[in-house]
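S.K.: Got a structure here, written out as structure tokens. Questions coming.
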Amino acid sequence: MNVFLKISFLFLAAWLVSCAGLRDDARGGSAGGDSGMRDAPCEECGARGEIELKISDEKSYREWNREAYSRLDSSAVVGVLPTLRVKAMQPEKCRMCHSFSADALDFDLARVEDSLFMKAFPKMRRELLLPGMRLPEADSLYIDTLSVKFLKSEFVEGKALSNLEPWVSRDGVEQTLTRELPAAFKNLLNDVAARYELRYITMPVSLDVEMLPDLGKSGGFTWKILWCMWDARYGEIVFLVYSEFTAETTSRVAPEKEWASPFASRLWKMFSTDVNKLENH
């Protein structure tokens, strides 16, 4: 199945079963509204063409498990979860937000993920963990609760996986580290691996994006994400990346799409780094 077809299936499935992850579309400071992708042409967004962005206020944390990374099976089956929690924020009046929503963000992130995986591991088979895709429809309830279970799972420093505080406080750190997961979290990963015959799971844990129409020449946005890859069979992390930045336009083309594009190079670093040569800092 080609990349774009897989992405289209992901969006369709996510739209049909949006409860598989937590979705929050906030306008003018209040939650609610349409979380679907609105593809009507934008008559007020300004010039068309390539979106040019300047990145600032960047914070990051990167962690690799050297042992898990070194035994990475490039032909294994990877379970692909939609983003567990997405928050899409925009002001009440936003001319460039006609296509912006939580589902649109998840769809765009999936586009980037799929492209990078095809580049890094062309033989690795990626299976969408959504009912009607690899999963039987009878598993809908199980998947609905799985996102919540993962988000609430104790991970680092006694904090839930959904808590971003440990990574924000480690801004600028890049390191190899072997973590022993709490038993409950490890068992949850093992259960998913056994149930669906998977080796790995990719998991965008949390994604927060806020649209800022007055930033830069034609608007901008803030981006905050925690993204993990797990060896579900062994119950351990392969790598984790936290990325936060502000993106502002430097041309007359508004950022009405492709919000995940700046994150692509940051995620690619997780795949392309030689961890055997990495010096912790």
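The values are calculated or read from the model by the stated rules, or taken from the named source; none is laboratory data. Bear in mind that the values here come from a model prediction, so they are computed numbers and not experimental data. Because the Cβ atoms are built from the backbone with ideal geometry, glycine has one as well, and the counts that use them run over all protein chains shown.
S.K.: For segment 120-146, give me each residue that is assigned to a helix (DSSP H, G or I) and modelled with pLDDT of 90 or more. Walk me through how you get there before you give the answer.
M.R.: Start the filter on segment 120-146 by keeping residues that are assigned to a helix (DSSP H, G or I), which leaves 120, 137-146.
Residues satisfying the conditions are Ala120, Thr145, Leu146.
S.K.: Failed condition for Ala184, given (1) of a type in the set (A, V, I, L, M); (2) in a strand (DSSP E or B); (3) surrounded by fewer than 20 Cβ atoms within 10 Å (Cβ to Cβ), with all others met?
M.R.: Among (1) of a type in the set (A, V, I, L, M); (2) in a strand (DSSP E or B); (3) surrounded by fewer than 20 Cβ atoms within 10 Å (Cβ to Cβ), the lone unmet condition for Ala184 is (2).
S.K.: Further question: Within segment 203-244, track down each residue that is surrounded by fewer than 18 Cβ atoms within 10 Å (Cβ to Cβ) and among the β-branched types (Val, Ile, Thr).
M.R.: Thr222
S.K.: Looking at Ala247, Ala193, Ala260, Ala264, which one is surrounded by 15 or more Cβ atoms within 10 Å (Cβ to Cβ), in contact with a helix residue (DSSP H, G or I) (Cβ under 9 Å, 6 or more places away or on another chain) and either polar (S, T, N, Q) or under 29 Å from Asp144 (Cβ atoms) (or both)? Walk me through it before giving the result.
M.R.: On the way: Ala247 fails: either polar (S, T, N, Q) or under 29 Å from Asp144 (Cβ atoms) (or both); Ala193 fails: in contact with a helix residue (DSSP H, G or I) (Cβ under 9 Å, 6 or more places away or on another chain); Ala264 fails: either polar (S, T, N, Q) or under 29 Å from Asp144 (Cβ atoms) (or both).
Step by step, each of Ala247, Ala193, Ala260, Ala264 is checked, and only Ala260 is surrounded by 15 or more Cβ atoms within 10 Å (Cβ to Cβ), in contact with a helix residue (DSSP H, G or I) (Cβ under 9 Å, 6 or more places away or on another chain) and either polar (S, T, N, Q) or under 29 Å from Asp144 (Cβ atoms) (or both).
S.K.: Something else about it: Cβ contacts < 6 Å: first residue part of a helix (DSSP H, G or I), restricted to segment 147-159; second residue among the small types (Gly, Ala, Ser), any location; separation 6+ or different chain. Result?
M.R.: Ser147/Gly21; Leu151/Ser162; Lys152/Ala160
S.K.: Given the residues Leu151, Leu129, Leu146, Leu161, which is the only one that is in contact with a Pro (Cβ under 9 Å, 6 or more places away or on another chain) and within 24 Å of Ile225 (Cβ to Cβ)?
M.R.: Values: Leu151 fails: in contact with a Pro (Cβ under 9 Å, 6 or more places away or on another chain); Leu146 fails: in contact with a Pro (Cβ under 9 Å, 6 or more places away or on another chain); Leu161 fails: in contact with a Pro (Cβ under 9 Å, 6 or more places away or on another chain).
Result of the check over Leu151, Leu129, Leu146, Leu161: Leu129.
S.K.: Could you grab me the full set of residues in segment 247-274 that are closer than 21 Å to Leu116 by Cβ and among the small types (Gly, Ala, Ser)?
M.R.: Taking segment 247-274 first, the residues closer than 21 Å to Leu116 by Cβ are 247, 255, 257-274.
Passing the criteria: Ala247, Ala260, Ser261, Ala264, Ser265, Ser272.
S.K.: Of the numbered conditions (1) of a type outside the set (S, T, N, Q); (2) under 19 Å from the mean Cα position of the chain (by Cα); (3) assigned to a loop (DSSP other than H, G, I, E, B); (4) surrounded by fewer than 19 Cβ atoms within 10 Å (Cβ to Cβ), Phe100 fails exactly one; give the number of that condition.
M.R.: (4)
S.K.: Next up: Identify all residues within segment 145-190 that are in contact with a helix residue (DSSP H, G or I) (Cβ under 8 Å, 6 or more places away or on another chain), acidic (Asp, Glu) and under 28 Å from Lys277 (Cα atoms); write none if there are none.
M.R.: Passing the criteria: only Glu157.
S.K.: Now for a different question. Can you find, within segment 204-260, the residue that is farthest from Asn187 (Cα to Cα) among those that are free of Cβ contacts under 8 Å to residues at least 40 places away in the same chain and assigned to a loop (DSSP other than H, G, I, E, B)?
M.R.: For segment 204-260, the residue satisfying everything is Lys217.
S.K.: Could you identify the single residue in Gly172, Gly158, Gly132 that is surrounded by fewer than 20 Cβ atoms within 10 Å (Cβ to Cβ) and over 28 Å from Ala88 (Cβ atoms)?
M.R.: Numbers: Gly172 fails: over 28 Å from Ala88 (Cβ atoms); Gly132 fails: over 28 Å from Ala88 (Cβ atoms).
Only one candidate passes the filter, namely Gly158.
Quick grid of which residues meet (1) modelled with pLDDT of 95 or more; (2) among the acidic types (Asp, Glu); (3) touching a His at 6+ places or on another chain (Cβ under 7 Å); (4) assigned to a helix (DSSP H, G or I):
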site: Phe4; (1), (2), (3), (4): no, no, no, yes
site: Gly33; (1), (2), (3), (4): no, no, no, no
site: Ser74; (1), (2), (3), (4): no, no, no, no
site: Val78; (1), (2), (3), (4): yes, no, no, no
site: Pro82; (1), (2), (3), (4): no, no, no, no
site: Lys87; (1), (2), (3), (4): yes, no, no, no
site: Lys93; (1), (2), (3), (4): no, no, no, no
site: Asp106; (1), (2), (3), (4): yes, yes, no, yes
site: Arg111; (1), (2), (3), (4): yes, no, no, yes
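S.K.: Moving on. Restricting to segment 117-129, count the residues that are buried (at least 18 other Cβ atoms within 10 Å of the Cβ) and within 16 Å of the chain's Cα centre (by Cα).
M.R.: Qualifying residue count for the region: 4.
S.K.: Here is a follow-up. All but one of (1) of a type outside the set (Phe, Trp, Tyr); (2) without any contact (Cβ under 8 Å) to a residue 40 or more places away in the chain; (3) in contact with an Asp or Glu (Cβ under 7 Å, 6 or more places away or on another chain) hold for Asn163; which doesn't?
M.R.: The one condition Asn163 does not meet is (3).
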